[in-house]
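The structure appears right after this line, and notes come after that.
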Number of protein chains: 2
Amino acid sequence: LMVPFAYGQNSIPEVEALLAKMTLEEKIGQLNLLTPGGGIATGAVVSKNVEQKIKAGQVGGLFGVSGPDRIRIAQEMAVNHSRLKIPLLIGSDVIHGYKTTFPIPLGTSCSWDTELIQRTARIAAIEATADGINWNFSPMVDIARDPRWGRIAEGAGEDPFIGSAIAKAMVKGYQGEDISAANTMLACVKHFALYGASEAGRDYHTVDMSRIKMFNQYLPPYKAAVEVGVFSVMTSFNDIDGVPATGNKWLLNDVLRNQWGFTGFVVSDYTSVNEMTAHGLGDLQSVSTLALKAGLDMDMVGEGFLSTLKKSVAEGKITEAEITTACRRVLEAKYKLGLFDDPYRYLDSNRPKESILTKEHRQTARQVAAKSFVLLKNHNDILPLKKDSKIALVGPLADSRKNMLGTWAPTGDSDLAITVMEGFKNVAPEAEITYAKGANISDNNEFAKKINVFGPRIEIDRKSPEKLLKDALIAANKSDVIVAVVGEATEMSGEAASRTDISIPESQKKLIRALVATGKPVALVLMSGRPLTIPEEFDFPVAILQVWHPGVEAGNAVADVVFGDYNPSGKLTATWPRNVGQIPIYHSVKNTGRPASPKFEKFKSNYLDSPNTPLLPFGYGLSYTSFEYSNLTLNKTKINQDETINASITVANTGNYDGEEVVQLYLRDVVRSITPPMRQLKGFKKVFLKKGEQKTVTIQLSPDDLKFYNSAMEFVSEPGEFEVFMGTDSNCNLKQSFILN
Amino acid sequence: LMVPFAYGQNSIPEVEALLAKMTLEEKIGQLNLLTPGGGIATGAVVSKNVEQKIKAGQVGGLFGVSGPDRIRIAQEMAVNHSRLKIPLLIGSDVIHGYKTTFPIPLGTSCSWDTELIQRTARIAAIEATADGINWNFSPMVDIARDPRWGRIAEGAGEDPFIGSAIAKAMVKGYQGEDISAANTMLACVKHFALYGASEAGRDYHTVDMSRIKMFNQYLPPYKAAVEVGVFSVMTSFNDIDGVPATGNKWLLNDVLRNQWGFTGFVVSDYTSVNEMTAHGLGDLQSVSTLALKAGLDMDMVGEGFLSTLKKSVAEGKITEAEITTACRRVLEAKYKLGLFDDPYRYLDSNRPKESILTKEHRQTARQVAAKSFVLLKNHNDILPLKKDSKIALVGPLADSRKNMLGTWAPTGDSDLAITVMEGFKNVAPEAEITYAKGANISDNNEFAKKINVFGPRIEIDRKSPEKLLKDALIAANKSDVIVAVVGEATEMSGEAASRTDISIPESQKKLIRALVATGKPVALVLMSGRPLTIPEEFDFPVAILQVWHPGVEAGNAVADVVFGDYNPSGKLTATWPRNVGQIPIYHSVKNTGRPASPKFEKFKSNYLDSPNTPLLPFGYGLSYTSFEYSNLTLNKTKINQDETINASITVANTGNYDGEEVVQLYLRDVVRSITPPMRQLKGFKKVFLKKGEQKTVTIQLSPDDLKFYNSAMEFVSEPGEFEVFMGTDSNCNLKQSFILN
């Protein structure tokens, strides 16, 4: 276990000295995290109510306020007016970039480029800290295998291996090498735990899972964040074994702290302490007590701690020592940030201008966006387009600035986003472009209202759907090729944005059908915050470029790929089902006792009306060039428990473009004491190959890569045969075996 | 714990004496359960191979052979030719009736009439034992909350309370008062355990669940069967905590035997020992050893025990004592059946004629079928029809004998089934009926092939779909009312019959649309083995009578209800979703921390495109009359832990027909240490009310009804408030509260 800061409990003299001076009320105050509420809108930094609380020593941190000058006012309230002058933590939701908005995390994960992802987190930290933020509520590392769940957009998909790699990259990016530096901030891994397994894909719904599945499949990314020294953890809304995470002592105390050695502090999600009342666990005093005793240190927004803990101490339900422990953890974080040395460390009024939205940051946003795109299909090599093409650019997302940033980008500014139309003009000024909206994102007013809670995302046109379509067909007629930008509006995925039907809305399906019927080449640029069900569209003779919600440089990045300045290299990190009835579906399935054969057989594990296979497997993604794999070899045929083994494969670029390829390694533990998945991702490497070039790619498997949690919850490997698969996606079929002694 | 037979291990002198004489091989032979294979078809009783094994003492039981004369031949092979003359167990799959086929179990469960259900099991036992069977692979009590899973047809639906009541009724019906009587047989509760929770509703797929959910929601019906003394238990195909049930020591040894006190024997499902190899647990010897050591006693079909256990004893992997223990359990069952007294006890050649398919049995089949039907909708009181109506009887299931019995009725004979058309003529000879098929069950040839594995179920007509529809509209034109019999063919549900799309097939949807468009009154008689998604059909101004697959008296029972001789009283035992994207959906959901309000609110637990509520809730079902509920009262406001409490409600028949109503009681434990479901069924009573009559119905809650398994897996009740809801379905809103001290 790597814990970068060796401070244990009671080991920071300054903190202990401070604790010795604190009243019970002041300690409880440090456990209270607030957002200023109306303050932002009205111009005041924080609302009156919050101001009074800060001065009374009743607030440990704030979030939802930004800018050094504004934050300085809040920090001064704490430092100049509260009895003990304890500075505030200043938190923020910087999920995929601060002002320089990167693609949604699900998109970024499809780059499989952990260095680049770390750089996005670094840039986010540079910008956020320049704006006064010292604590970030990211990364979100919840494994998600149900694309109905809208928050799949915020994570890295279905797999614990790449999920763990990305979790580490983001924590390192945010926290840097020195957490007390002015351009690093506390990361907060969330939502601990299992939030991505919400039943029926409905957000905030109950979660149920065996412990063996938790440890093998869902917990690794959180653990990975702890291993690289994440300073804080946020609990999830859901229950686990019938106890909400926020009050789950087994989770926070036994697993996180005792097993994993986490030494930082744990914060609730927004009002998740209070919500335990609705969960059926008792009144606010009871659930606050439950949460504190379970190991929760900081209470976000709901003020259950602030309003009840003192009473609970008086009634003997908790001890002051328990509160002191929580308070110590919060104070230690402030100490490590350097706030006791200089409460204004993050509050340099000159920094925002220099550090935010720099050309270089936007350039990285453009690059990572292009690398997040996944070419799903490229019939007749429709893509890339020539830059002097006559193009009908159609679709409700082709010129929609408001939908480019994607979900949960509250610090971003959609007015800064480049539309696809603008990107086309920037990248291919010589192209002849005719634009038509073609369709509404949805024709359903009631649905649009739900999507537009944060501003207009679905704007139902004054023109009738028929007229919109007619205009698109006129544009199509004038052109050599059609590019249709279709899919989900920003708020169709994300928090509280679950869908039971994850297809392209009918209004746009009609447009696509009509465009295909013209017989002209059609490239679909598909935007979404989740895997969609697109069986009909996938069968059309079209190109499909999946671009998620690409962020502030959306249009430029789309144009870079559409016109071939960047050859797409993204690979899916979540399986795309054929239909909703296949959910949950993911690559690391078990064989079962009656595995289906390719041809239907009765009494095998299959469906009457659908193959078991998804439409598009995990790891899938095409390129403008083609890659051929050969010569998979292992450097050993037998290894001992403490040995590594190297798998090597030759990859050749056999097509007409230079390009990048993500070489993937999947492992199968043929026999073990608990049912093994047929394949598990255990390695990947992204390589660049000029056309005609070939390279040998070697991936090393460590002893831990062969381990799993057994029935006794021991992390072990078991002797026997292992199969190694390497190739272009999770269906790759070159295979070699070795024996573990 | 009630164990009707007090035999413990080593307590039957005859069995111990026999064991003392047995060789290791003979003991292993008793653990081997075979099916005669080709024998049935060719006229021989058993194949040559099986005959040799019986004589060599290598077979403990047979299944798949029937008739006293045929079974006598097999039994004589054992008794006259094997060294120790140990008689065979004779098993069979008598799932919903032997020759007198009752409705599918999901249908029967909708009667909520446990006495009647016990009678169906009794009749099944009378018929099966008359035909030589002494062991029945029923009841199937797997809780199922995923209607994609085809075997939901074979169980009692989603709820552990009614599931437990039905489990008990069926075990009692099969086993009777005296298991050694010639008309009782061993029951075998299956599939232990959790088989109904197959991931993504795909049969045989992996299962994952927390232990707290197992004990509170999925295990109670198996436990109920053990409590009334079931003699055998069958393991399930799925894994639990990563270990297939067939090799799961925790499940078979710790829970079933040690916690629940089960003293009978455990049999695998068909080749489920062998299938552990595909599960990834090892070769046949390894998995056979694993199964025996886990507590499995008998190996169905796969002969893993027969072929490997001796070797494993020699290699010290298991002991002979472990085999002796398993053998003892099998021999004790034979002893209790009385087979050692008289191996031919069940083999009276005169009985079949007297006991099978009696008029009385068929009458019960007709009665229970009528009581299984659920009136889902009755627009404008279209139903019941007058017996002298001019009726267009249309639909692919209106005259389809092959689809009446329903899934898994291998002992039944579909040629004996009454079609709906025949039933109409029997019950309403004065009606003027014009028949037209109207549509194929499905127009898809490839799909039909999968459904027709056991014979023709979907027969694609030589007439084109257009012509079929035209004929139906002609028939409709001539008539005053249209009855359309539509839905699933028999084999569209059941084992290995999972569907990702559970709507009515498109061919039939077109027919329904066209019929509705005529403007004539339309009654849909809907057949299926599962809840279907019928949002479109439910919105039509029609009547919908859900009749499942009604069994041998199908047509008569349908006619009884359609023409009003029986007023429907069935209530759903599984929730009907609006669409597949809502699955899993069931009535006993938890509140979550952010419960949705009726009107959409952002940041609540809901979907963007669907309500959280199902189309039809658990417990739902209409009547031709109407019932009004009033005056819910409790006889106490506070109770102690050991006290009962009575809830009473007045039910009035306020409509124009006599009728039966299932009065339901749901309990909410307002606050407890693990998240409580919002409602749990805890009582029901079926009452008959003449029109204008009213009755007070009282349901008693026992101390156990207030208990649940807490985090420590203790079965406890916790002090605090409980809410009692009573009424007509799980949405009932009359409420009273009491306090548990």
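The values are calculated or read from the model by the stated rules, or taken from the named source; none is laboratory data. Model, not experiment: these values are computed from the prediction. All Cβ positions, glycine included, derive from the backbone under ideal geometry; neighbour counts span all protein chains shown. Note: accessible area is taken over every heavy atom of the protein model, side chains too, but ligands, DNA and RNA are not part of it. Shrake-Rupley method; radii C 1.70, N 1.55, O 1.52, S 1.80 Å.
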Copies of A:SER737 compared via label points 7 Å along Cα→Cβ give distances in nm, shortest first, of 6.4
Summing -39500 (n - 2.57) over the DSSP H runs of n ≥ 4 in chain A and dividing by its residue number, what mean residue ellipticity at 222 nm do you reach, to the nearest 500 deg cm²/dmol?
-8000 deg cm²/dmol
Ordering A:372-379, A:695-702 by per-residue average of other C-beta atoms within 10 angstrom, highest first, gives A:372-379, A:695-702
Amide H contacts under 5 Å for B:LYS390, placed H, 5+ residues apart
B:GLU432, B:ASP480, B:VAL481
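For the range A:88-198, what is the Kirkwood estimate of the hydrodynamic radius, computed as the reciprocal of the mean inverse distance between distinct Cα atoms, to one decimal in Å? Could the numbers behind the result be given before it?
On the way: mean 1/r = 0.0731 Å⁻¹.
Here the Kirkwood hydrodynamic radius works out to 13.7 Å.
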In degrees, nearest ten, helix A:320-337 long axis to first principal axis of chain A (Cα)
60
Added length on full extension, which subtracts the Cα-Cα distance from 0.36 nm per residue, A:SER737 to A:ALA314:
145.9 nm
Shortest first and in nm to one decimal, what separations exist between B:THR518 and its copies in the other chains, measuring from label points 7 Å along the Cα-to-beta-carbon line?
4.5
Each residue of the range B:94-103 in order: what ³J(HN,Hα) in whole Hz does its phi give by Karplus 6.51 cos²θ - 1.76 cosθ + 1.60, θ = phi - 60°, with x for Gly and Pro?
9, 8, 9, x, 8, 8, 6, 7, 8, x
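How much length is gained if the chain between A:GLU430 and A:SER630 is pulled fully straight, taking 0.36 nm per residue apart and subtracting their Cα-Cα distance, in nm to one decimal?
Details: separation 200, 0.36 × 200 = 72.00 nm, distance 4.14 nm.
Gain in length upon complete extension: 67.9 nm.
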Going 7 Å from Cα along the Cα-Cβ axis for the label, what nanometre distances separate B:ASP342 from the same residue across the other copies?
10.1
Can you give the angle from 0 to 90° between the axis of helix B:114-130 and the longest principal axis of chain B, with both taken from C-alpha atoms, to the nearest 10?
50
Does the range A:263-348 come out rounded, prolate or oblate by the C-alpha gyration tensor, with a ≥ b ≥ c the root eigenvalues, rounded set by a/c under 1.5 and, if not, prolate when a/b is larger than b/c and oblate if not?
prolate
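Once the Cβ-Cβ distance between B:GLU506 and B:GLU422 is put in as r, and R0 is 22 Å, what FRET efficiency do you end up with, to the nearest 0.05?
On the way: r = 28 Å, r/R0 = 1.29.
Step by step, r from the Cβ atoms, then E = 0.20.
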Expected vector for the range B:447-457, Karplus 3J(HN,Hα) from phi with 6.51, -1.76, 1.60 and θ = phi - 60°, integer Hz, x for Gly and Pro, equals 4, 4, 4, 5, 7, 8, 4, 9, x, x, 10
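Below 11 angstrom from the Cβ of A:ILE133, what's the summed charge of the other residues (Lys, Arg +1; Asp, Glu -1)?
Summing Lys/Arg as +1 and Asp/Glu as -1 gives -3.
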Which of the peptides A:68-78, B:464-474, A:331-341 is most tightly packed, and how do the rest follow, going by the mean number of other Cβ atoms within 10 Å of each residue?
A:331-341, A:68-78, B:464-474
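Which of the three applies to the range A:185-254, rounded, prolate or oblate, going by the alpha-carbon gyration tensor with a ≥ b ≥ c and a/c under 1.5 meaning rounded? Don't skip to the answer; put the middle values down first.
Numbers: a/c = 1.66, a/b = 1.53, b/c = 1.09.
Verdict is prolate for the range A:185-254.
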Could you pull out which residues in the range B:324-338 have an amide N less than 18 Å from a spot 7 Å beyond the Cα of B:ASN253, following the Cα-Cβ vector?
B:324-330
Using only Cα atoms and rounding to the nearest 10 degrees, what angle (0 to 90) does helix B:160-175 make with the longest principal axis of chain B?
50
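Quick one: length gained pulling A:ARG462 to A:ASN380 fully straight, 0.36 nm per residue minus the C-alpha distance? Each step should come with its number before you reach the end.
On the way: separation 82, 0.36 × 82 = 29.52 nm, distance 3.67 nm.
Net length gain for the segment: 25.8 nm.
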³J(HN,Hα) computed for each position of the range B:425-436 - Karplus, 6.51 cos²θ - 1.76 cosθ + 1.60, integer Hz, glycine/proline x:
5, 5, 8, 10, x, 7, 6, 9, 10, 10, 9, 8
May I ask you to derive the FRET efficiency for A:GLN641 and A:SER711 from their Cβ-Cβ distance with R0 = 25 Å, giving the value to the nearest 0.05?
0.85
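Going highest first, how would you order A:422-434, B:179-191, B:133-145 by mean Cβ packing within 10 Å?
Working: A:422-434: 17.3, B:179-191: 23.1, B:133-145: 27.6.
In decreasing order of mean packing, A:422-434, B:179-191, B:133-145 become B:133-145, B:179-191, A:422-434.
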Along the Cα→Cβ direction, 7 angstrom out, place labels at A:ASP178 and B:THR358. What is the inter-label distance in nm?
9.4
Within 15 Å, Cβ to Cβ, of B:SER630, how many net charges do the neighbouring residues add up to if Lys/Arg are +1 and Asp/Glu are -1?
-1
Assuming a ≥ b ≥ c are the square roots of the Cα gyration tensor eigenvalues, decide whether the protein assembly as shown counts as rounded (a/c under 1.5), prolate (otherwise, with a/b larger than b/c) or oblate.
prolate
Counting partner chain Cβ atoms within 10 Å of every residue's Cβ in A:446-453, what's the average?
2
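Within the set of other residues whose C-beta is less than 9 Å from the C-beta of B:TRP260, count the net charge using Lys and Arg as +1 and Asp and Glu as -1. Please report the intermediate quantities before stating the final value.
Working: positive: B:LYS223, B:ARG257; negative: B:GLU227.
After counting each charged neighbour, the total is +1.
So if R0 is 45 Å, what FRET efficiency would B:LYS470 and A:ILE474 give, r being the distance between their Cβ atoms, rounded to the nearest 0.05? Please report the intermediate quantities before stating the final value.
Numbers: r = 40 Å, r/R0 = 0.89.
Calculated transfer efficiency: 0.65.
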Between B:LYS48 and B:ASP658, what is the label-point separation in nm under the 7 Å Cα-to-beta-carbon projection?
6.4
Heavy atoms of A:VAL46 accessible to a 1.4 Å probe, total area in Å² rounded to 10
10
